[in-house]
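Contents: one structure, followed by commentary.
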Amino acid sequence: MSNNFDPKSAIILGMQDAIVSLLGLIAGLYFAFTDSIIIIISCIIASITAALSMGAANYLATRAGNDDHALWAGFCTGTAYLATCAALILPFLIFQHQTIAIVSVFLIAVLIIYLFNLVCYHGRVFYRHFAEMLILCTIISIVAFFIGEIAHYMFGI
């Protein structure tokens, strides 16, 4: 049984997954729909369900390793996921203009990636991890853009 639980890895798991998955969802919805309300509602539903799922998954994974802190690990992951999602959804609640909102979402995502890598890594390792996360998020957003465009074309939305 583990007595040296470090919540950093649980928080990183939640934040990273939230950035990648919600950023992709927001990008896909942004290019498929013209109504911010659809984007906001869809992202809130996805964020809550995914946060619960991520928290439960990390709890079960940590518990499988006979770690005493499994509940805390799940809580940290789910909370980090939900907090990150809230930060990414916020621009659509603040700005009327969708273009300003989507640009703000990407800036917030880059800021979160930067800050989280700044806290976790130092020196050359920081730049490598920061670039890796940024590239991964960018690629997923581009894929989501094309999925949104295909949905827009296929369904006439």
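Some values worked out for this structure:
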{"item": "Accessible-area value, residue 49, 1.4 Å probe, nucleic acids and ligands omitted, Å²", "result": "80 Å²"}
{"item": "Computed E for residue 38/residue 115 - FRET, C-beta separation, R0 30 angstrom, nearest 0.05", "result": "0.50"}
{"item": "In Hz, Karplus ³J(HN,Hα) per residue of the range 47-57 (6.51, -1.76, 1.60; θ = phi - 60°; x = Gly, Pro)", "result": "5, 5, 5, 5, 4, 5, 5, 5, x, 5, 5"}
{"item": "Structure-based [θ]222 nm, the chain - -39500 (n - 2.57) summed over DSSP H runs of at least 4, per residue, nearest 500", "result": "-31000 deg cm²/dmol"}
{"item": "Between helix 98-120 and the chain: long-axis angle, C-alpha atoms, 0 to 90°, nearest 10", "result": "20 degrees"}
{"item": "Inter-site label distance for residue 9 and residue 57 at 7 Å from Cα along Cβ, in nm", "result": "1.7 nm"}
{"item": "Per residue accessible area of the chain, 1.4 Å probe, in Å²", "result": "57 Å²"}
{"item": "Percentage relative contact order, the range 10-85, counting C-alpha pairs under 8 Å, at least six apart", "result": "48 percent"}
{"item": "Percent RCO, i.e. relative contact order, over the range 21-157, from Cα pairs under 8 Å lying at least 6 residues apart", "result": "37 percent"}
{"item": "Normalised per residue, the volume of the convex hull around the Cα set of the range 77-157 (Å³)", "result": "113 Å³"}
{"item": "Cβ-derived FRET efficiency at R0 22 Å, residue 45 paired with residue 96, nearest 0.05", "result": "0.50"}
{"item": "The range 3-157 - Debye-derived log10 I(q)/I(0), Cα point model, q = 0.08, 0.14, 0.21 Å⁻¹", "result": "-0.25, -0.72, -1.27"}
{"item": "Relative packing of peptides 63-70, 9-16, 28-35 - highest average C-beta neighbours within 10 Å first", "result": "9-16, 28-35, 63-70"}
{"item": "Most fluctuating residue given options 145, 130, 95, as computed from a GNM of the chain linking Cα atoms under 10 Å", "result": "95"}
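The values are calculated or read from the model by the stated rules, or taken from the named source; none is laboratory data. In this text the structure is predicted, and so the values were computed from the model without any measurement. Here the Cβ is made from the backbone with ideal geometry for all residues, glycine too, and neighbour counts use every protein chain on show. For accessibility, only protein heavy atoms count, side chains too; no ligands or nucleic acids. Shrake-Rupley method; radii C 1.70, N 1.55, O 1.52, S 1.80 Å.
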